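Have a look at the structure below, then the notes.
The values are calculated or read from the model by the stated rules, or taken from the named source; none is laboratory data. Keep in mind the model is a prediction, meaning the values are calculated, not measured. Methodologically, a virtual Cβ is constructed for each residue, glycine included, from the backbone with ideal geometry; neighbour enumeration extends over all protein chains shown. Keep in mind that these areas ignore ligands, DNA and RNA; they rest on the heavy atoms of the full protein, side chains included. Shrake-Rupley method; radii C 1.70, N 1.55, O 1.52, S 1.80 Å.
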Amino acid sequence: MIRKQIGTIGLIAVLVLLCGAGVYAKELKIGVGAPLSGGNAPSGQDYRDGVILAAEEWEARGGVAGYDKITVIAGDDKESAKEGVS
């Protein structure tokens, strides 16, 4: 009887650990600061799109060791030194 209870508790513990494994997935975030608006918006958008394409290609090849996902975060610096400073 006690062995059966210990086995059940062990099974529940394993299931809890497996269900929670996806919660702690490591994500590689790549930041892109480019002029997405204004006079140089076309070149800034091309730059952003190139980084997104590269990230997608890396994901297709199996990703980066130690990370489960690659995310590109783009920010518009609006061609302004004041806006571009963080």
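Observations, loosely collected:
- Among residues that are out of contact with any helix residue (DSSP H, G or I) (no Cβ under 9 Å at 6 or more places or on another chain), modelled with pLDDT of 90 or more and among the aromatic types (Phe, Trp, Tyr), Tyr67 is included.
- Of the numbered criteria (1) open to solvent by less than 100 Å² (accessible area, probe 1.4 Å); (2) modelled with pLDDT under 90, the one Val85 fails is (1).
- Residue count for the stretch 16-49, restricted to those that are modelled with pLDDT of 90 or more, within 14 Å of Ile70 (Cα to Cα) and not basic (Lys, Arg): 5
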